[in-house]
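The values are calculated or read from the model by the stated rules, or taken from the named source; none is laboratory data. Quick caveat, the model's predicted, so the values are computed rather than measured. Reconstructed Cβ throughout: ideal geometry from the backbone, glycine too, with neighbour counts over all protein chains shown. Just the protein is used for accessible areas: all its heavy atoms, side chains included, with ligands, DNA and RNA removed. Shrake-Rupley method; radii C 1.70, N 1.55, O 1.52, S 1.80 Å.
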Amino acid sequence: MTIDFGYETGDQLRHAAHQYWLELGWTTSVDGSQLALELDEDIWGLQMPTGLAAELASELRAMKLSCPVVDLPDRSVVLLEPAEVADALAFPPGVGKLPAGCRVPLPPSVTARGPVRWLTHEPDGTRRPPVRVVADALSRLAA
């Protein structure tokens with residue numbers, strides 16, 4: 001989501017926060033130059049290397065699925081539907097579930113290391129794949 005209406009950065013972020021709420025129902029907050037989504041029981045985040053996130057996005061597309069992938073300057077975060085039993089899930093090395101309460105910067109934020117963008121496409125409001133589907137896809141990619 002690139003927003004450039006000639007507004008100041010704070011205005012752009014507040015406008016983007018409003019758009020995320022209207023289009024996706026996501027509650028976000030603005031703090032300085034960052035717009036963040038707080039993970040909770042309704043939205044999980046898996047952090048992983050960006051290359052693996054790109055492979056995962058491609059694998060999901062082949063299955064006619066997609067999910068939002070936030071591309072941060074040093075890693076990516078895949079946003080997913082939660083699982084009822086998280087303990088039974090296994091992820092490959094380098095992949096980890098972010099805890100509830102973790103704040104994930106969203107575009108058009110700029111972090112100290114650089115801008116935040118969507119890795120493949122902006123979220124479109126379709127249901128995110130369940131974490132079990134993503135865990136299985138990650139296992140296949142790691143094999």
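Brief remarks on what is shown
- Scanning the range 49-86 for residues that are without any contact (Cβ under 8 Å) to a residue 60 or more places away in the chain and closer than 19 Å to PRO115 by Cα yields a total of 13.
- Scanning the range 35-85 for residues that are acidic (Asp, Glu) and part of a helix (DSSP H, G or I) returns GLU55, GLU59.
- Pair list, Cβ under 9 Å, 6 or more apart: the range 114-143 residue of a type in the set (A, V, I, L, M), other residue assigned to a loop (DSSP other than H, G, I, E, B) and open to solvent by 80 Å² or more (accessible area, probe 1.4 Å): ALA142/PRO93
- Counted residues, the range 23-64 - those being modelled with pLDDT of 90 or more, of a type in the set (A, V, I, L, M, F, W, C) and open to solvent by 40 Å² or more (accessible area, probe 1.4 Å): 2
- Residue in the range 72-84 that is of a type in the set (Lys, Arg) and under 17 Å from THR28 (Cα atoms) present: no
- ALA135 being open to solvent by less than 80 Å² (accessible area, probe 1.4 Å), at pLDDT below 90 and not in a loop (DSSP other than H, G, I, E, B): yes
- Residues (open to solvent by 60 Å² or more (accessible area, probe 1.4 Å) and in a strand (DSSP E or B)) located in the range 86-124: LYS97, ARG103, VAL110, PRO115, ARG117
- PRO129 being farther than 14 Å from LEU46 by Cα, open to solvent by less than 80 Å² (accessible area, probe 1.4 Å) and touching a helix residue (DSSP H, G or I) at 6+ places or on another chain (Cβ under 9 Å): no
- Matching option when the condition is modelled with pLDDT of 90 or more and not aliphatic (A, V, I, L, M), among GLY125, GLY96: GLY96
- Top-ranked residue of the range 72-85 - restricted to ones that are over 21 Å from SER58 (Cβ atoms) and at pLDDT below 90, ranked as most open to solvent (accessible area, probe 1.4 Å): GLU84
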